[in-house]
Every structure is written in structure tokens, then in C-alpha cells.
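Below you'll find the structure, written out as C-alpha cells, and then a few comments.
Where a number appears in this text, it was derived from the coordinates with a stated rule and is not lab data. Predicted, not measured: the structure shown is a model, and the values here were computed from it. Reconstructed Cβ throughout: ideal geometry from the backbone, glycine too, with neighbour counts over all protein chains shown.
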Amino acid sequence: MHSRVQAPPSSSRTLYWFAVAVAAATISGCSDSKPESPLVSQPSRTQGASGEHRYPARWWEPVSKEGAPDWEILPQEAQPGEVILSKRQPDLGLLSNFAPTPFTFHGQHYASLEGLWQSMLYPEGRDDPRATFPGLKWEHTRDQVSQMTAFEAKRAGDLALSNMKKMGIDWVSFEDRHFEYRPAEPGEHYRLIVEATWEKVKQNPDVRKALLSTGELVLKPDHHQEPNAPAAWRYFEILTEIRKQLQVHPERGE
């Protein structure tokens, strides 16, 4: 069994996400970045519906596009009433699937939501059709992927997708149940991701606090998504619904 990755303590999460941002820029191939222009806050965006200042101005502080990865939607690109769930922020970044926010789900420990997601692409045992298919090489085990976070988990998933393509399959699995990975309508995969997101929020007080701190703002992703992405991919909508329910029934977050 692969040793489990321990999530960084709250005090080190800012450094963690700074490292993620640096890694992302490196992956995107942007190496000749110029110094960023001075950051300018946008006070009007910090106000709630009744005019009180309730949101940190840093959530909208401009970030230079020079050196930013192509996939990223920068904080200043939010429209009025919106906030980008930027991985650059120590609080909003916790809402990303990439975040090191460990939780237990169906009796299994996961280091992040991304670790759970990508582990579903891997064989569950020796008799799994993905494990017995000739000519395939699996760089990691399912248990190993479950303890990964951020880009490490994403890269493991990309390797698995390559094997799935070779097999000609479009299903993943959980507890020996096979189901479509990218259905046109929300299905079993979506249901599991919603359930797991709830557990992440409930089991990590800092995550719950960050989510509720967004108040009535419209949550938007920090990366470009394909048109008509499957429901499970729209994590910001899943979080919006969880926030709505917690605002009405706070006990659900316990």
C-alpha cells in the first residue's frame, strides 16, 4: 500500500499554492515573464448587497498576464458580482479540486478531491479489465493516485486517459461499479463527485469557512473549460449549491 500523503497545515497552504502557481507557469512554457505591474484593489467589489464591506479586496487584485499559464482565468477577469476561485488565494484556493484538503469517503482516505477523481480511472484489482488488457502500462496504482494532489494527480489521470483510449473505453469505476465518465446528462460519476465534495467541505473547517465567506458572489472557475462540459466538471456550480444549502441549514456542514 502506498504511504498516504499528509496535507500541509493551514499555515503552509499559502506557500503551497504559490508553488502550484509557479509549477503551472513552468508547465505552460512561459519563462520570460516581466515584472508585474503594481496591484490595484477594486473596493466596490468588496461590498455586499447592503453596501457593507465583506469581501477581501485581494480576491480581485490584478495579476500580470505575463508568465501566467494559458489555462488560467485571472482574478481581475471576474465580472461585477463574481469571484474567480483562484488557486493563487490561500482561502479561495482551498475550494479547488487540486487543494490538499484530505477527507474520508466510503471508508477510504483521499488526499484531495482530484486524487479521488483521477483514481477512478485506474484498475481496482488484478481482475479489472483495465489491468488485464494486453500491452498497457500503469505508472501508478489506484491507491497511490488517491493520495495525490494538484498537478501530480492530474498528470496521473492523463496517463490513465491514454490507456483508456487504447482500450476504447469511456467508463471509470468506484467500488467495482462501472459507469460512463463523460455522460451528456449527470449520472453516477456526478453523484459521487457531489457527495465527495460535501465530505471535503464538512471534514475541512477551513474549506467550509472559505466557501461561506463568498456570501452571495457568483463563483467562477479559475481555468478555461470546454463548452458544455459535463456537470461533474463544473465544480463551481457544485460548490454554489452546497453554499446555498449551508446558508439555510448550517448544521449540514457539521
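What is the distance in Å between the Cα centroid of the range 125-199 and that of the range 228-252?
With the range 125-199 and the range 228-252 each reduced to a Cα centre, they are spaced 23 Å.
Report the charge-dipole magnitude of the range 115-254 in Debye, nearest 20, computed about the Cα centre from +1 at each Lys and Arg Cβ and -1 at each Asp and Glu Cβ. Before the final figure, lay out each step's value.
Numbers: 20 positive and 23 negative charges, 57 e Å.
Magnitude of the dipole: close to 280 debye.
How large is ³J(HN,Hα) for each residue in the range 198-212, as worked out from phi by the Karplus curve 6.51 cos²θ - 1.76 cosθ + 1.60 (θ = phi - 60°), to whole Hz, x for Gly and Pro?
4, 5, 4, 5, 5, 8, 10, x, 5, 5, 4, 4, 5, 5, 5
Filter the GluC sites (Glu not before Pro) in the range 170-223 down to the DSSP loop ones having no more than 10 other Cβ atoms within 10 Å, then list what survives.
Values: sites: Glu175, Glu180, Glu188, Glu195, Glu199, Glu216; in loops: Glu175, Glu216.
Taking the range 170-223 and a limit of 10 other Cβ atoms within 10 Å, the loop GluC sites (Glu not before Pro) found are Glu175.
Determine the relative contact order of the range 103-192: mean sequence separation of Cα pairs under 8 Å and six or more apart, normalised by residue count, in whole percent. It would help to have the intermediate numbers written out before the result.
Values: 101 pairs, mean separation 25.5, N = 90.
Relative contact order for the range 103-192 comes out at 28 percent.
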